[in-house]
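Below: one structure, written as C-alpha cells.
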Amino acid sequence: MEQKKKHIAIIGSTGSIGTQALDVIGRFPDHFAVEVLTANGNAALLIEQAKKFKPNVAVICDESKYREVQDALWPEGVKVYAGSKSLEEVVRMEPIDMVLTAVVGFAGLRSTISAIDAGKDIALANKETLVVAGDIITELAAQRKVKLLPVDSEHSAIFQCLVGEWQNPVEKIYLTASGGPFRGRTRKELASVTREQALKHPNWSMGAKITIDSASMMNKGLEVIEAHWLFGLKAEAIDIIIHPQSVIHSIVQFADSSMKAQMGLPDMRVPIQYALGFPWRLPADYPRLDFADFAQLTFEKPDFETFETLKHAYRALEKGGNLACVMNAANEVAVEAFLNGALDFLQIAELIGDTMEAVPFLERPGIPDYEASDAAARNYARQWLNK
Ligand code: NAD
Ligand code: MG
C-alpha cells in the first residue's frame, strides 16, 4: 500500500463532522497531515485542535476572537487568520491535497468553489453547497479534474456501490432515511412538537441544523438533490425508503435488476474516513455490526403528505434554475427561527413553500445570481416571520 501522505484542510473543524474527521486523522499520522483548521466562533476548541494537530494555518471567522486565537497559537508556530473571506484564500494553499467541507449551510459555497478552482480534491460534507449550485460546482470540478468524494453516509454508500461499476448505468438509487424522531406521526401530532423533541435524533448525533432537517425530512430532500448532482441521476431515478435502523446506508439498482447496498453501524467516521482515504480502506477498530443485534431490518414508504419538505425538494429538482437555492435559504431561516422558538414545526415547510412561490425564478443562474437569490429568499422569509 504505497501512498503519499495526504495534506488536508478542514473547513468547519469544530463541528460534528469536523471533530469526527480529526478523530479519524488522529488514527493515521502516517497517512494524513492537517494543513488548515477553521471555526466560526468556537475559539477554545479551535485552539485545542490546533495545538494537537499543528496545522500550518488556523482561521477564526469571528474577527472579535482573533487576538485570543493568535495569542494562543503563535507560540505553536500556527499562522492565524480571521474573517470568513480568509476561507477562500486558505483552501488554495499549495501543500493542500484535499479540502473537507464541513461548514454548515450556504456559508460554505465560496470556499468550496475556490478550493475546486485551485484543483483541490473535495471531501464533501456541506451538502447545501451542491443543492444551491450543483451545476456550477460539478462543471468546475470536471474542468479542473477534481474528485468530489461524498461524506454524507447515503452518498458515500452509493459511491461505494458504484466502485467497479463505471461501465454500468444505474437504473435507480434508494436513499435510506431513518425517518427521524417524528416517523409515523400525523400532521395533527406534529403541530405541537417542541424543539427538544426535534433535536432528539434516534440514530445519529449531529449538528443542530441537520438534526432539525432530519426531523422535518428536509435533510432527505436536500440529499435527493445532492444525489442528482453527484451521480447525474434524474428525479425519477432517486427514491427514498424509510429504514429506521439506519444499517443499510443506501442502495443502487442496476439494469439487470440486481441491487447493491452498503451496510454498517451508523458511525460518520466510516464515510469520513472513506472519503479522506479514497481509494484505500484503512484498518480501523470502529464497532462492527452484529446481525444478532438486528433481528429485523424494516422498510416503509416516506409520507409526502405529512412531510411536505419532500415535495418541495422534488419540485425544486424538477424545475431546476435557482429554485433549490431559494428553498435552501428559506429552510436555513426557518430552522434558525424554529430553534429560537419563533416558528412552529409545521410552519417550517409552509415558510419554505411560500418563499419558493415568492422569489422570482431564474432559469440559468451564475454564482452572483445564486447569491442574490439566497439573499432575496432570506429577506422574504424574515418578513414572513415578522408578519
Ligand atoms: P455543525 O454545526 O456541528 O458544525 C459546523 C461547522 O461549521 C463548525 O465548525 C462551525 O464553526 C462552522 N461554521 C458554521 N457556520 C459558519 C459560517 N457562517 N462560516 C464559517 N464557518 C461556519 O454542523 P455538522 O453537523 O458538522 O454539519 C456540517 C455539514 O455536514 C452540514 O452541511 C451537514 O448537512 C453535513 N453533514 C453532517 C452530518 C453529521 O453527522 N453531522 C452527516 C452528513 C452530512
Ligand atoms: Mg445523510
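The values are calculated or read from the model by the stated rules, or taken from the named source; none is laboratory data. Remember, it's a predicted structure, so these values are computed and weren't measured experimentally. Here the Cβ positions follow ideal geometry from the backbone for every residue, glycine too, while neighbour counts run over all protein chains shown. The area values use the complete protein model at the heavy-atom level, side chains included, leaving out ligands, DNA and RNA. Shrake-Rupley method; radii C 1.70, N 1.55, O 1.52, S 1.80 Å.
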Of the residues that make up the range 87-96, is at least one open to solvent by less than 10 Å² (accessible area, probe 1.4 Å) and touching a Leu at 6+ places or on another chain (Cβ under 8 Å)?
-> no
Out of all the residues in the range 311-363, which are over 17 Å from GLN383 (Cα atoms) and touching a Gly at 6+ places or on another chain (Cβ under 7 Å)?
-> HIS312, ALA313, PHE361, LEU362, GLU363
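So that you can scan it fast, the table gives a plain yes or no per residue for (1) in the same structural domain as SER111 (by TED's automatic domain parsing); (2) touching a Lys or Arg at 6+ places or on another chain (Cβ under 8 Å); (3) β-branched (Val, Ile, Thr); (4) modelled with pLDDT under 95:
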| position | (1), (2), (3), (4) |
| --- | --- |
| LEU339 | no, yes, no, no |
| PHE345 | no, no, no, no |
| THR355 | no, no, yes, no |
| VAL359 | no, no, yes, no |
| ILE367 | no, no, yes, no |
| GLU371 | no, no, no, no |
All conditions in (1) within 26 Å of PHE159 (Cβ to Cβ); (2) surrounded by fewer than 16 Cβ atoms within 10 Å (Cβ to Cβ); (3) in contact with a helix residue (DSSP H, G or I) (Cβ under 9 Å, 6 or more places away or on another chain) are true of SER192 except (1)
Which of the residues spanning the range 205-223 are within 11 Å of ligand 2 (Cβ to nearest atom) and crowded, with 23+ Cβ neighbours inside 10 Å?
-> ILE210, ASP213, SER214, ASN219, LYS220, LEU222, GLU223
Read through the list (1) open to solvent by less than 50 Å² (accessible area, probe 1.4 Å); (2) aliphatic (A, V, I, L, M); (3) touching a residue at least 24 places away in the same chain (Cβ under 8 Å), then give the number of the only condition that ALA82 fails.
-> (3)
Restricted to the range 271-291 and to residues being in contact (Cβ under 8 Å) with a residue 60 or more places away in the chain and closer than 22 Å to ASN203 by Cα, the residue farthest from the chain's Cα centre (by Cα) is ALA284
Residue among GLU48, GLU35 that is among the charged types (D, E, K, R) and either in contact with a helix residue (DSSP H, G or I) (Cβ under 6 Å, 6 or more places away or on another chain) or not in a helix (DSSP H, G or I) (or both) = GLU35
Could you please let me know if ALA330 is under 22 Å from the mean Cα position of the chain (by Cα), of a type in the set (Gly, Ala, Ser), outside the structural domain of ILE113 (by TED's automatic domain parsing) and within 23 Å of ALA227 (Cβ to Cβ)?
-> yes
Test result for LYS120, more than 16 Å from ligand 1 (Cβ to nearest atom), over 22 Å from ALA237 (Cα atoms), modelled with pLDDT of 95 or more and over 17 Å from the mean Cα position of the chain (by Cα) | yes
Find the residue count for the range 71-112, including only residues that are part of a helix (DSSP H, G or I), of a type in the set (Asp, Glu) and under 25 Å from the mean Cα position of the chain (by Cα).
-> 2
Say we look at the range 51-73 and pick out the residues that are open to solvent by less than 50 Å² (accessible area, probe 1.4 Å) and either in contact (Cβ under 8 Å) with a residue 60 or more places away in the chain or in contact with a helix residue (DSSP H, G or I) (Cβ under 6 Å, 6 or more places away or on another chain) (or both); which of these is farthest from ILE96 (Cα to Cα)?
-> ALA72
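Please count how many residues of the range 334-383 are among the aromatic types (Phe, Trp, Tyr) and either open to solvent by less than 40 Å² (accessible area, probe 1.4 Å) or touching a residue at least 60 places away in the same chain (Cβ under 8 Å) (or both).
3
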Please verify whether the range 81-93 includes one or more residues that are within 30 Å of GLY320 (Cβ to Cβ), within 14 Å of ligand 1 (Cβ to nearest atom) and of a type in the set (Phe, Trp, Tyr).
-> no
Within the range 146-165, how many residues are on the phi > 0 side of the Ramachandran plot and within 14 Å of ligand 1 (Cβ to nearest atom)?
-> 0
Can you name the residue in the range 249-299 that is among the hydroxyl-bearing types (Ser, Thr, Tyr) and part of a loop (DSSP other than H, G, I, E, B) and, of all such residues, is surrounded by the fewest Cβ atoms within 10 Å (Cβ to Cβ)?
-> SER257
Can you name the residue in the range 300-330 that is assigned to a helix (DSSP H, G or I) and hydroxyl-bearing (Ser, Thr, Tyr) and is also farthest from SER250 (Cα to Cα) among such residues?
-> THR309
